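Structure first, commentary second.
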Amino acid sequence: MMIRQMTNEDLNVLIEIWLAASKEAHHFIPAEYWESRQEDMREVYLPMAETYLLEESGQVRGFVSLVGEDLAALFIDPSRQNQGWGKALLRYAMDLRDTLKLRVYADNQRALRFYAKNGFERLEETVDPDTGQQEHIMIWSKKKAERKDSMSVSIFQHIDTVFVPTRNIKAAKEWYTGVLGGRIGWESEQGEYQCILFGQTSLTLFSTEEERYFERRHALFNFFVPNAEDAYRHLRKQNVRVDTILEYGATYFTFYDLDDNCLEVCSY
């Protein structure tokens, strides 16, 4: 991964990423609006901004644009999202500024959660005169973030693993790798523990016959997926028992493994 400053030769690919990402993130605005703004991006907005792009394996994956203290744009190729590129570009911008401000449409809940998670606070609400859409102005301050960091307990870094009971660890291992696509991690010497890798947090199967471990009927964690409907169809094809898809700020549903453990899928 490499982050570098934009050159004129990058304009076409950046506009392609901006257009595709804008249409996907702002489904509540007609696509024709974004298509009509392409020349403005080429002739006005990108040339006037301080823009940095992220490359991976020689391919541009996204970019961030700054105009003074305004974070004017942060877009990732829709086919390459959920890989940490947006956070990497945001952190790069934070290293360059002591304060950042931005505008996010109120209906773009995913972006609102992303910026809030990364330290931005809502400053005020307004209306975009071009689209008539309500939007939030958000702000981030390096000094305020540093004060929060100094107050945080740094002992707990991240969740290392989650534990899932099973009566048949061999069958469970095959199910979690074959049906859900996990990767084999480590295994205990006696075979009573089996680690399955899913992204940054692992899942550890443990063999037990104690019924108390199987009495819980709510999910203790969820699997993030890009599209909950696709995951639902995949599990149904694998004859996995699934519950109804629900919408409440996110799209999610519960499903059950071979031991009837309740698991959850979520997309947002």
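The values are calculated or read from the model by the stated rules, or taken from the named source; none is laboratory data. Bear in mind that the values here come from a model prediction, so they are computed numbers and not experimental data. Positions of Cβ are generated from backbone atoms using ideal geometry, with glycine treated the same way; all protein chains shown enter the neighbour counts. Note: accessible area is taken over every heavy atom of the protein model, side chains too, but ligands, DNA and RNA are not part of it. Shrake-Rupley method; radii C 1.70, N 1.55, O 1.52, S 1.80 Å.
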Could you check, for the range 41-55, whether at least one of its residues is charged (D, E, K, R), part of a helix (DSSP H, G or I), without any contact (Cβ under 8 Å) to a residue 40 or more places away in the chain and farther than 20 Å from P129 by Cβ? yes
Anything in the range 59-76 that is without any contact (Cβ under 8 Å) to a residue 12 or more places away in the chain and under 23 Å from the mean Cα position of the chain (by Cα)? List them, or say none. Q59
Condition set closer than 16 Å to F221 by Cα and either in contact with a Pro (Cβ under 9 Å, 6 or more places away or on another chain) or open to solvent by 30 Å² or more (accessible area, probe 1.4 Å) (or both), scope the range 162-200, selection modelled with the highest pLDDT: answer is L180
Check T204, T254, T244, T208 and return the single one that is modelled with pLDDT of 90 or more, at negative phi and open to solvent by 60 Å² or more (accessible area, probe 1.4 Å). T244
Condition first: at pLDDT below 90, of a type outside the set (F, W, Y) and more than 24 Å from V13 (Cβ to Cβ). Can you find one or more residues in the range 90-109 that meet it? yes
Please work out which one of (1) open to solvent by 80 Å² or more (accessible area, probe 1.4 Å); (2) touching a residue at least 40 places away in the same chain (Cβ under 8 Å) is the condition R97 fails and give its number. (1)
